[in-house]
Each structure stands twice: as structure tokens, then as C-alpha cells.
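Presented below is the structure to which this report refers.
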Amino acid sequence: MVTMRRHIDDTHCSEIGLLFIAWKMLSGDMLKYVSMIAGVAFATLLMSQQTAIYLGLAYSAGAAVRDFSGDADLWVMDKAVAFPDDFKPMRSAVIDVVRGIDGVQWASPLLRSSAAMRLPDGTPQRPTVVGIDDATLRGGPSVMLNGQLADLRKDEGIIIDQRQAETFFAFVDSSGVRRSLGVGDRVALGQSSALVVGICRLSEALSSSPVVFTTSSRFRSFVPVEDRQLAFVLVKAAPGQELEDLGARIARREDLLARTPEQFITRTEQYLNESTGILISFSIVIGLGLVIGLIVSGQTFFNFVSDNSRYFAGLKATGMTDGMIVRIVFTQIGIVSLVGYWVGMGLTAVFGLAIVGSGSGFPYRLEAGIPIGTALGVLVVGLIAGTVSLWRVIRLEPAMVFRA
Amino acid sequence: MSTVAIQPGLAVRCRGVHKWFGKEPNRLEALRGVDLDAVEGEVLMLVGPSGCGKTTLLCVLAGILDRDQGTCAVLGQDSDTLSKTQRARFRASSIGFVFQQFNLMPSMTAVENVATQLLLQGVALREALWRAREALASVGLADRADNRPSQLSGGQQQRVAIARAIVHNPRLLVCDEPTSALDHETGHLVMQSLRQAARERSATAIIVTHDNRIFEFADRIAFMDDGRIVRVEAGTATERKTP
């Protein structure tokens, strides 16, 4: 009797054994198994892909700041400016005032306005014209693909972005072929003629408006008098100068706003989140992904467990403990969640690769935190689905297996 | 875990067992004071009309249902003194089950279905599958070990269920209508397998049935009616055990 008692107390199902039983039950109904995986994969795809698009949009909102900052430490702007495309005119004298502030090593104007453009085939466009400092060319694009930034000093010179050259500025040339605007092509800009002297690469921006770079002096010939506005001043702090202090001094002096590039990007993202409703929209879609995943995979898993209740009851009758049942059910939902998660993340990656490969400039940032956050979401789905189904199995009366 | 003094040679000893379902005033009394002994190694059949309490008594004996009154010792254990987990482990190690509808998992092969019973006891997968093949061979199904239930006849499925019930060498087999889903000839083959398996292991088999065509395999037959055992008769099995 002592021997038997020890045998009773010591018996337990090994993890391999449980995994075997769990997998055999799960794979027995391939339709439900695939449905559950599809539910989790869909939820994973929706959560991760939408988050990646949102992060891409948020990142691209600050693209102009990253592209134009160069080695500037501060952006000076009107207090009401919320993001780079939200230029509000400052007095043109501001540039001289800022240059005179103690602690400023240099200050360069950044003029921005829109102007009418006609492509060589007469197609109209209305790009944003950015005028940078003639002498230093600060605030210009940092990556040149064709030509040099200094070419801007050539007569009527402008520089355009490669992607925009292929899209916004594509035209039908004299031989009837549609092609991108390139170096050497002439366009009408404002009341003047402009010559493309360089092709640059800009970051993917949230704004859909194309950009044309030129010098501050030529800016005045392209843009109507009433629109010749100083949008920003880029400032380099003197060595050893505290940026916070310098920014505060500039702001006090002219009742302006001075922000580091990082602060300006954060301000832009805050505007995007708080004023556009974009964060709420994406949060709803991501939440829906979670709920749909929960409903589809949870309901299917619950049905799977219900359909197998006779076998679970049989296992309980023949000696399966509640502890083993907990491990089997969570092994099953774990398998479904894991496979579904990797399928979903794989689809998210494929989607991202397709976007990048298309060269469309669609903002998409699959950052390291996304797989982790999505995994937590899937974990929640799995825990809820597993717990609800488990509750049903635990309550199963093993005697039901004796009913015909 | 407490044990109960039981007369040597007895696998089961129940006295005054009552079982009720539901609450007053709609309470149904399924067992009304059952007294039953089962000798080690015997084939005991519980017979009687539908609803007389045969399956309820089987569930009480196996520790699946709690009794409401009376005493019952099975293989020296009073299941009422065991926790739910201990009871499950006791069933896993000491009792084999054969169900009316076989209850084989359709997604598993015959050998996998049989091995499951060993996996519940922590036997390693490889060993469990090896022992399951031996058990299948002992019921004449060595060549069908890798077939799924859907590829087997009803009689073969029930023999797989018998292999599952005996693979862990239990001391008690409880069988619920093992031949009711089978034709006469197949039922005979199944009962031969079942009796042989019990004999080889000196296991006690308690079989609920109302198939009088298989009475010939019983050492004793307990007749039930209205929740009581009304009489016990000697069966006609050739190798009879006596209490």
C-alpha cells in the first residue's frame, strides 16, 4: 500500500507528453487550427503594421527639421509655429537681431513660401520654395545625388528632390516621352525662369507639397513680394553656450520661440497627435485589431475546446488532473499565439519591404519596440481566450463521457 | 491519504451506497443503498434496465462521482478521503476505462491513443509508444497501430480502447456498455479480448451492460433495479473466480 501511495502521489505527465497530447488535439481539426492562427496573425498584422505606419507618419512630420538643420543648434520661429510647414512670417529684421544676441555664433535665414511653377511641358505645379543663405548655403539639403549644393549659386539655379522629380515634376518632353525633371531642365517659377542644377534626396515628409531649393537672393525673384517671408532662423550657438539659456535669451528679445531640432521634432509630433486626431484614429484601428483578434481566435478556440469536450472529459475520467488540463489548454493557445504572431509579423515585414521596394515614399517605420508591443497584445489575446476556454474545460463533468 | 481495511482478495467493497442528483423537491435518488463486493481478478457484470443506476454506480466506484452516503473501498482506497487531484492520479494509475462510444481521439493513431494513458502517468513518449504497441498486439491489433480511428471498424476501435485501458496494467477495469455499439460477432471478439486482458493481469473487470449475449463472459452477474442490487448470480465463464 505504501508503494502504491507513493506511486499515486508521484505520477505526473511530462512536458513532452503534454505537448504531444496538446498538439495532437490541436492539429486534429486543421480548419479550426488555421482559423485561430489566421485570427492571431490578422490581429498581429493590424497592430504592428498600423503602429509602423503611425510611427512613420510621426517621423516624417519632422523630416524637414532633420533635412534642413545641418549643424544648427536652434530653430528660431514665431511662437505660433507648430510644425515645419506651418511657417508664419517673422519680421525680416529678426535675422539681424538674432545675430546680435550674445552667444550666437552664426544665424542663417530660412525663407519659405509657395510659388507657381510650370514644367517644361506646361504642367502647372505649386511647390514650396525654400530660400537658404547665399553665402553659407546653410539649411540646404544634406544629401546630393546629382550636382552640388554650391551649384545653387549658378544663374537661376534650383535643386529638387529625386523622388519628387519622378512624381510631382515628371513631364512629357519634346520627343513625347514622360520623364523626370533632371539637371539641365528649365522650368518657369514665379515670374522667372529656373534651371535645375542639382538633385538631392530628402527624407519622406508628411507634407505632400514638393520642395524647390534656391538661394535667399533668388528666392525674391521667384516669390511674389507679398510672400517673401522669413519663416525660420537657424542658429549655431557659440562654443560652451548652454542651448537652453541661449534659446531663452532669443525668445525674450524678440518674443519668438527657439527650439533645438529635437525639441522642434517633438513639438511637431505633439501637434500631430493632439491636433489632427491621427493618434486617436490609429489607436482605434490598433485596438480594433486586438479586439478582432480576440473575437476570431478566442471564439474559434472556445469552439475547438467545446468540440473536444468529450475527449477532455474522457481524459479527466481516465486520470488527467486539472493542473494537466491547464497546461494542455495553455500549450494549445500558446502554439496558436506563437505561430499566429510570427505569421503576422512576417506579413508586416513583407508589407514593409514592399513599401520600401516600391519607392513610393510611404512612411513606414518598423521599430524594435513594435514586435515587443505586439507580442504583449497577442499575449493578452491568448490569456483571455485561454482562460475563458479553460473555465469551460475545468467545469466539465468527467461522467459525461459515460453518456451515449 | 487514508486507506481502508478491506478483506483480502476483494478489489471492491461497497456498503449502503446512496447517490442523489439535484435538490429537494426534485431530488433523484440514483443509488439507494448499494452493497457490492468484487473479487480480485473476477469479471463482474452489472445488468439491469435503463436508468437503474448501473453507470452511476460505475462512476462512484471509479471515483468520478462522489457518493452521498455509505462506504466504498476500491483497491483499498476510499475515494472520499482523496483530494480531486489524488483521485485523478489514482484513476490514472490503478483503473482502466472502456467507454460505450470508445472515446478515441480522431486526430491520433491507435498507438497514440493508447499511449496517452501512459503519458498521463509521466511515462516518456518513446517508452509510452513502445508499450502501447505491445498492448495493441495483445488485443490482436499490431498491424493497425498506425491507423486512425476513422480507418478502423467499430470492433477494432473498441479493442483499441481496451488496449488503452490495460496498457498501464491497472488492477481494476471499468467498462460501460462495451459491446452495445457492436454487432453480436464483434461484441464476442471484444469480450474475449477484454476477458483475456483482465485474466492476464489478474485485474478485476466491472462491466455495465444490458447485452445478455455477453453474460457468458461473466464470473458473476449483479442485477440492479431502481438503484439497488437485487440479486447476484454466478456467471457461466469457464475460468470462474469465487469470492
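The values are calculated or read from the model by the stated rules, or taken from the named source; none is laboratory data. Predicted model, so just to flag it, every value in this text is computed and none were measured. Heads up, the Cβs are rebuilt from the backbone with ideal geometry, glycines too, and the neighbour counts pull from every protein chain shown. Keep in mind that these areas ignore ligands, DNA and RNA; they rest on the heavy atoms of the full protein, side chains included. Shrake-Rupley method; radii C 1.70, N 1.55, O 1.52, S 1.80 Å.
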Problem set entry | Meets criteria (open to solvent by 20 Å² or more (accessible area, probe 1.4 Å), closer than 30 Å to residue A:22 by Cα and within 8 Å of another protein chain (Cβ to nearest Cβ)) for residue B:86 | yes
For this session: Sort out for me the strands (runs of 3 or more DSSP E) sitting completely within region A:177-230 that have 2 or more residues that are open to solvent by 10 Å² or more (accessible area, probe 1.4 Å) and either touching a strand residue (DSSP E or B) at 6+ places or on another chain (Cβ under 6 Å) or within 16 Å of residue A:162 (Cβ to Cβ) (or both).
Result: A:186-189, A:192-200
Problem set entry | Selection within region A:345-397 - within 27 Å of residue A:314 (Cβ to Cβ) and in contact with a Lys or Arg (Cβ under 7 Å, 6 or more places away or on another chain) | A:396
Exercise. Identify, please: which residue in region A:250-265 is open to solvent by 70 Å² or more (accessible area, probe 1.4 Å) and out of contact with any helix residue (DSSP H, G or I) (no Cβ under 9 Å at 6 or more places or on another chain) and is, among those, farthest from residue A:65 (Cα to Cα)?
Worked result: A:252
Exercise. Hey, does region B:14-23 have a residue that's at pLDDT below 90, more than 10 Å from chain A (Cβ to nearest Cβ) and either more than 27 Å from residue A:320 (Cβ to Cβ) or more than 18 Å from the chain's Cα centre (by Cα) (or both)?
Worked result: yes
For this session: Look at region A:303-322 and say how many of its residues are out of contact with any Leu (no Cβ under 8 Å at 6 or more places or on another chain) and either within 15 Å of residue A:16 (Cα to Cα) or in a loop (DSSP other than H, G, I, E, B) (or both).
Result: 2
Exercise. Inside region A:112-129, can you point out the residues that are of a type in the set (D, E, K, R), open to solvent by 30 Å² or more (accessible area, probe 1.4 Å) and closer than 28 Å to residue A:232 by Cβ?
Worked result: A:118, A:126
Problem set entry | Meets criteria (part of a helix (DSSP H, G or I) and more than 14 Å from every other protein chain (Cβ to nearest Cβ)) for residue A:293 | yes
Problem set entry | Enumeration of residues in region B:200-213 that are in contact (Cβ under 8 Å) with a residue 40 or more places away in the chain, crowded, with 16+ Cβ neighbours inside 10 Å and either out of contact with any strand residue (DSSP E or B) (no Cβ under 8 Å at 6 or more places or on another chain) or polar (S, T, N, Q) (or both) | B:204, B:209
Exercise. Yes or no: residue B:67 of a type in the set (D, E, K, R), in contact with a helix residue (DSSP H, G or I) (Cβ under 6 Å, 6 or more places away or on another chain), over 17 Å from residue B:232 (Cβ atoms) and free of Cβ contacts under 8 Å to residues at least 60 places away in the same chain?
Worked result: yes
Exercise. Across region A:330-348, what is the total count of residues that are open to solvent by less than 40 Å² (accessible area, probe 1.4 Å) and without any contact (Cβ under 8 Å) to a residue 60 or more places away in the chain?
Worked result: 3
For this session: Could you list all residues from region A:296-329 that are closer than 15 Å to residue B:64 by Cα and either surrounded by 20 or more Cβ atoms within 10 Å (Cβ to Cβ) or not assigned by TED's automatic domain parsing to the domain that holds residue A:41 (or both)?
Result: A:312, A:313, A:314, A:315, A:316, A:317, A:318, A:319, A:320, A:321
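Suppose the filter is touching a residue at least 40 places away in the same chain (Cβ under 8 Å) and closer than 19 Å to residue A:268 by Cβ; does residue A:36 pass it? It would help to see each step written out before you state the result.
Working: touching a residue at least 40 places away in the same chain (Cβ under 8 Å): yes; closer than 19 Å to residue A:268 by Cβ: no.
Taking the combined requirement at face value, the residue does not satisfy it.
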Exercise. So, in region B:90-109, of the ones that are without any contact (Cβ under 8 Å) to a residue 60 or more places away in the chain, in contact with a helix residue (DSSP H, G or I) (Cβ under 8 Å, 6 or more places away or on another chain) and surrounded by fewer than 24 Cβ atoms within 10 Å (Cβ to Cβ), which residue ends up nearest to the other protein chains (Cβ to nearest Cβ)?
Worked result: B:107
Problem set entry | Test set (1) more than 7 Å from chain A (Cβ to nearest Cβ); (2) closer than 21 Å to residue B:175 by Cβ; (3) open to solvent by 20 Å² or more (accessible area, probe 1.4 Å) - residue B:74 fails condition number | (3)
Seminar exercise, completed: When (1) open to solvent by 30 Å² or more (accessible area, probe 1.4 Å); (2) over 23 Å from residue A:200 (Cα atoms); (3) in a loop (DSSP other than H, G, I, E, B) are applied to residue A:101, the one that fails is (1)
Problem set entry | Among (1) more than 14 Å from every other protein chain (Cβ to nearest Cβ); (2) of a type outside the set (A, V, I, L, M); (3) open to solvent by 10 Å² or more (accessible area, probe 1.4 Å); (4) part of a loop (DSSP other than H, G, I, E, B) - the single one residue B:50 does not satisfy | (1)
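For region B:173-188, how many residues meet the condition of being open to solvent by less than 10 Å² (accessible area, probe 1.4 Å), in contact with a Gly (Cβ under 7 Å, 6 or more places away or on another chain) and aliphatic (A, V, I, L, M)?
Let us first name the residues in region B:173-188 that are open to solvent by less than 10 Å² (accessible area, probe 1.4 Å), namely B:173-176, B:178-179, B:187.
If we keep only those that are in contact with a Gly (Cβ under 7 Å, 6 or more places away or on another chain) as well, we get B:173, B:179.
Imposing the further condition that a residue be aliphatic (A, V, I, L, M) reduces the set to B:173.
Counting residues in region B:173-188 that are open to solvent by less than 10 Å² (accessible area, probe 1.4 Å), in contact with a Gly (Cβ under 7 Å, 6 or more places away or on another chain) and aliphatic (A, V, I, L, M) gives 1.
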Exercise. Which number in (1) within 14 Å of chain B (Cβ to nearest Cβ); (2) touching a Ser or Thr at 6+ places or on another chain (Cβ under 7 Å) marks the one condition that residue A:39 misses?
Worked result: (1)
Exercise. Which residues, taken from region A:373-404, are over 29 Å from the mean Cα position of the chain (by Cα), more than 14 Å from every other protein chain (Cβ to nearest Cβ) and exposed (fewer than 14 other Cβ atoms within 10 Å of the Cβ)?
Worked result: A:391
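Is it the case, given these coordinates, that residue B:65 is in contact with a strand residue (DSSP E or B) (Cβ under 9 Å, 6 or more places away or on another chain), surrounded by 15 or more Cβ atoms within 10 Å (Cβ to Cβ) and farther than 29 Å from residue B:196 by Cβ?
Yes.
Report whether or not residue A:85 is modelled with pLDDT of 90 or more, open to solvent by 10 Å² or more (accessible area, probe 1.4 Å) and of a type in the set (Asp, Glu).
Numbers: modelled with pLDDT of 90 or more: no; open to solvent by 10 Å² or more (accessible area, probe 1.4 Å): yes; of a type in the set (Asp, Glu): yes.
So residue A:85 does not fit the description; no.
Checking the structure you have, find out if any residue of region B:150-160 is buried (at least 24 other Cβ atoms within 10 Å of the Cβ), within 27 Å of residue B:47 (Cα to Cα) and either out of contact with any helix residue (DSSP H, G or I) (no Cβ under 9 Å at 6 or more places or on another chain) or of a type outside the set (S, T, N, Q) (or both). Give the derivation first.
Going through region B:150-160, the residues buried (at least 24 other Cβ atoms within 10 Å of the Cβ) turn out to be B:157-160.
Subset that is within 27 Å of residue B:47 (Cα to Cα): B:157-160.
Next, from what is left, pick out any that are either out of contact with any helix residue (DSSP H, G or I) (no Cβ under 9 Å at 6 or more places or on another chain) or of a type outside the set (S, T, N, Q) (or both): B:159-160.
Yes - at least one qualifying residue is present in region B:150-160.
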